[in-house]
């Protein structure tokens, strides 16, 4: 076995894994929270270095222009969420919802989750990517159930069963891709290496690839939360600790989406295979419109924003399904903006639920009076997620709509309809949450505002001025996606 | 590949589908667990045979995992769980046995039509294995949707996963099969330990998922 020098890709895997081992042993939760953040920051720094210098492509690991966007977003939100988590869990300890032992477990699982997601994003091997996504699923299942209440266990159980079935279907799809590749690529490891497959995919049997993609879309689509496979998502978001809701919405859905995009690129490179676009467009639209209507009937604040995540994943999958440089660009931008905004919203919702002692929307009113900073942050966050200018989501939604108008004007009608319905629901609820007669629960929030302000600041900045460097990078990736 | 090699592999894979059908009409949990153990045993034999005819020694590891873990450890643990929970009663099926069997036949026919058509270019054994594997997978899914009890849900999922192992071993030379079967074993262990340790029994006095739903309705 030859000696492999450690490079940046190895580091973004080793740091979380080693930290998870350390955190599993540390008794003090204050120290653990700091180490957690420090490790997440270190991972972020190493991940950013991938922009500048990139290690060579290996049989198992690789980083290309597409994955680097996901990795940096992943580690960035991972870092800010760990900052938020520090303040959040201190309160949970105080009110006795979590014990020291469970927190030790929680921190270790947090880093293990980061490891799983990073591994999925840097893997060059379809089997390895599958194992990594399974690992990430398992860790989140455990964390969703960490409160051990009836609802939390039920949510974890539901997530577990649906997630496992999704993962099983994805594996069958992966096996079919290998079977399609074998006559061309040959037996053995090469038959699963993505960089090899994409070169030779033109010679694969198109019929097999089609069937494989259906399984992969259904399987990984379950993890993305696409309707009608979304049933686990609202429960998992509502019942787990809020930092996990933020990571689920902001990151894990993206990782599953990344897997779908990889396979979409394979299919697109084989001209005889079916176009993956229409399938994705349909699933995206169904998710968007379904979630938009569901928003009206929610009584739990975290559940409501979970449905908003389904809605936005629908928009993103729709954009990638449309394809072409402009729609892909819009999809990438929307994904980035959604991750940042949604995690910021969950940060503020976490603190709000803590000071009000409830997650029920009926129990939360007049936030801008009792908690001006939290209340207004929520107002800004919801305005951003609803797609109002001058925030970045307005830009990306505008781009999705205009690119759809240019190519398939009829499809733009349901798209705009869905967005408007969701917009109405969010503003309707925001009205009650932020204004009006305040409900009891006026305790001061011990919030860490930095992560929220940072995220919303970035989203605002992206809406006002988008740096040409990032624009050209996204354009390049959008062309890559085809 | 000689005729015998193929015939034997074919026989074992076909038996897996047959045992999946047997599982569909078991209405007692104890019997269901035993039939699952039988399927795991046949799977272990099938994987071992594939390892032999493909001269792929690493597949023996997968065979041993199937034999020890799925045919012995898990059924043993499940027997203990249902004894502790006192659920030797009949399984509530959402759909009756007759319609379930008909649906199962339909699914197997669908699997054959789809897989045999799209794998026309692959070799004979891989084709048969893929078609059988998809049948086992779909029958496992069918079982998961027609049963309510948490233990039979687990068994449905595990039989679905047996189909995946069959597909993975049938795709000649597929890398990472052992790693994937280990990952799946971890997943299954999690589910089984979950039902036990997540205190579903303790908190709900039953492992019936529909009871969880009822509980939630009451909370609203």
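The values are calculated or read from the model by the stated rules, or taken from the named source; none is laboratory data. Note that the structure is predicted; figures quoted are calculated from it, not measured. All Cβ positions, glycine included, derive from the backbone under ideal geometry; neighbour counts span all protein chains shown.
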* Check the stretch B:51-71 and report whether any residue there is surrounded by fewer than 19 Cβ atoms within 10 Å (Cβ to Cβ) and touching a strand residue (DSSP E or B) at 6+ places or on another chain (Cβ under 9 Å). => no
* Candidates B:143, B:174, B:112, filtered to the one that is free of Cβ contacts under 8 Å to residues at least 40 places away in the same chain and either buried (at least 24 other Cβ atoms within 10 Å of the Cβ) or within 8 Å of chain A (Cβ to nearest Cβ) (or both) -> B:174
* Return only the number of the condition from (1) more than 10 Å from every other protein chain (Cβ to nearest Cβ); (2) farther than 21 Å from residue A:216 by Cα; (3) crowded, with 24+ Cβ neighbours inside 10 Å that residue B:192 does not satisfy. => (3)
* What's the number of the condition residue A:446 fails, among (1) surrounded by 16 or more Cβ atoms within 10 Å (Cβ to Cβ); (2) more than 16 Å from residue A:376 (Cβ to Cβ)? -> (1)
* Could you say whether any residue in the stretch B:159-169 is touching a strand residue (DSSP E or B) at 6+ places or on another chain (Cβ under 9 Å) and within 28 Å of residue B:101 (Cβ to Cβ)? -> no
* Return yes when residue A:338 is farther than 19 Å from residue A:233 by Cβ and buried (at least 24 other Cβ atoms within 10 Å of the Cβ) and no when it is not. => no
* Which condition does residue A:59 not pass, out of (1) more than 25 Å from residue A:138 (Cα to Cα); (2) part of a helix (DSSP H, G or I), if it passes all the others? -> (2)
* Might you let me know whether the stretch A:195-210 holds any residue that is under 22 Å from residue B:181 (Cβ atoms), more than 9 Å from chain B (Cβ to nearest Cβ), at pLDDT 85 or above and in a helix (DSSP H, G or I)? => no
* Does residue A:89 satisfy the condition of being surrounded by fewer than 24 Cβ atoms within 10 Å (Cβ to Cβ), more than 13 Å from every other protein chain (Cβ to nearest Cβ) and in contact (Cβ under 8 Å) with a residue 24 or more places away in the chain? -> no
* Number of the exception - residue A:191 against (1) within 11 Å of chain B (Cβ to nearest Cβ); (2) crowded, with 23+ Cβ neighbours inside 10 Å; (3) at pLDDT 90 or above -> (3)
* Residue match in the stretch A:236-251 (condition: in a helix (DSSP H, G or I) and closer than 21 Å to residue A:174 by Cβ) -> no
* Can you tell me which residues in the stretch A:122-166 are at pLDDT 85 or above, farther than 17 Å from residue B:191 by Cα and facing chain B (nearest Cβ under 8 Å)? -> A:125, A:127, A:128, A:130
